[in-house]
Every structure is written in structure tokens, then in C-alpha cells.
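So the structure is just underneath, and the comments pick up after that.
The values are calculated or read from the model by the stated rules, or taken from the named source; none is laboratory data. Since this is a predicted model, take the numbers as computed values, not measurements. Here the Cβ is made from the backbone with ideal geometry for all residues, glycine too, and neighbour counts use every protein chain on show. Remember, those area values only see protein heavy atoms, side chains included, never the ligands or the DNA or RNA. Shrake-Rupley method; radii C 1.70, N 1.55, O 1.52, S 1.80 Å.
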Amino acid sequence: QVQVVESGGGLVQAGGSLRLSCAASGSIFGINAMGWYRQAPGKQRELVAVITSGRSTNYADSVKGRFTISRDNAKNTLYLQMNSLEPEDTAVYYCHADVRRDSSGPYYRYWGQGTQVTVSS
């Protein structure tokens, strides 16, 4: 089994910062891409940022220049540094890890349970 657990959400004022973490554990041979998505009330889940095992990154236009995604491959951990937060960033943030459980198997996407980020104006 593979577990993905997010942490670091909370309530912050507009202009403030938060750092989200996401740890993958369990039967893991390797991890390819890891990423963050978010879902606001009444809206579809949307990509925030993604990072490959080689640390190539991609960001949603709405967060470029404010958010930074990073990972620690030795710890199977993903981070999202969020600066200059805006009320529009309020959402549940979900982490995913694309995991291979043995040397020859395919990668499967595992999701965390989500962490709430609320930005007050």
C-alpha cells in the first residue's frame, strides 16, 4: 500500500504565506511526477503545480511568481511554498504522487486526503 498525506494548511490573511508538505510512504520503488491540485467550493479541481523526478516544474498561470513547488526525493516529500496569498487561493489543496511499486510495474497515481487553505481579505 501507498499513503500520501498532506499537511500545513490553515487560515492566513491576504498577502501572507503558507508552506504545504506532502509525504508519500509505504511500498514505494520509485516516484515520477508529484503535484498539487486545488478545489474551491463549487469549482472543478485544477492544477496548481507539478514537478517531475528530474525537478522540471510547471505552474498554473494564476500562481506563477507567487508559489514554488519543490521536492526531497530522499524523503519522498513534496512541498508548496505559497507567498502573496489572495482570497482566490482559498481551496482544498490535494497532493498526488505517481508511484511505481516495483522495478517493472507501471506508475499509479495516489492522492492525499487534502488540506484546507483559507485566505481572508
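Observations on the model:
Residue-wise test of (1) closer than 22 Å to Ser121 by Cα; (2) β-branched (Val, Ile, Thr); (3) touching a strand residue (DSSP E or B) at 6+ places or on another chain (Cβ under 6 Å).
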{"position": "Ser21", "(1), (2), (3)": "no, no, yes"}
{"position": "Ser25", "(1), (2), (3)": "no, no, yes"}
{"position": "Gln44", "(1), (2), (3)": "no, no, no"}
{"position": "Asp61", "(1), (2), (3)": "yes, no, no"}
{"position": "Phe67", "(1), (2), (3)": "yes, no, yes"}
{"position": "Asp72", "(1), (2), (3)": "no, no, no"}
{"position": "Asn76", "(1), (2), (3)": "no, no, yes"}
{"position": "Asp89", "(1), (2), (3)": "yes, no, yes"}
{"position": "His96", "(1), (2), (3)": "no, no, yes"}
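- Residue within the stretch 96-104 that is closer than 14 Å to Tyr37 by Cβ, open to solvent by 60 Å² or more (accessible area, probe 1.4 Å) and either in contact with a helix residue (DSSP H, G or I) (Cβ under 8 Å, 6 or more places away or on another chain) or of a type in the set (Asp, Glu) (or both) present: no
- Verdict on Val12 being within 16 Å of Val119 (Cα to Cα) and in contact with a helix residue (DSSP H, G or I) (Cβ under 8 Å, 6 or more places away or on another chain): no
- Per this entry, Arg66 is not counted among residues that are basic (Lys, Arg), crowded, with 19+ Cβ neighbours inside 10 Å and either out of contact with any Lys or Arg (no Cβ under 9 Å at 6 or more places or on another chain) or touching a residue at least 40 places away in the same chain (Cβ under 8 Å) (or both).
- When the test is whether a residue is open to solvent by less than 20 Å² (accessible area, probe 1.4 Å), in a strand (DSSP E or B), touching a residue at least 60 places away in the same chain (Cβ under 8 Å) and β-branched (Val, Ile, Thr), Val4 passes it.
- Set side by side, the residues Tyr37, Tyr94, Tyr108 differ, and just one is assigned to a strand (DSSP E or B) and more than 10 Å from the chain's Cα centre (by Cα), which is Tyr108.
- Just one residue in the set Thr57, Thr77 is among the β-branched types (Val, Ile, Thr) and open to solvent by 50 Å² or more (accessible area, probe 1.4 Å); that residue is Thr57.
- Exclusive hit being under 26 Å from Gln1 (Cα atoms), in a strand (DSSP E or B) and without any contact (Cβ under 8 Å) to a residue 60 or more places away in the chain, set Leu20, Leu80, Leu47: Leu47
- Among (1) over 20 Å from Gly15 (Cα atoms); (2) under 14 Å from the mean Cα position of the chain (by Cα); (3) assigned to a loop (DSSP other than H, G, I, E, B) - the single one Asp102 does not satisfy: (2)
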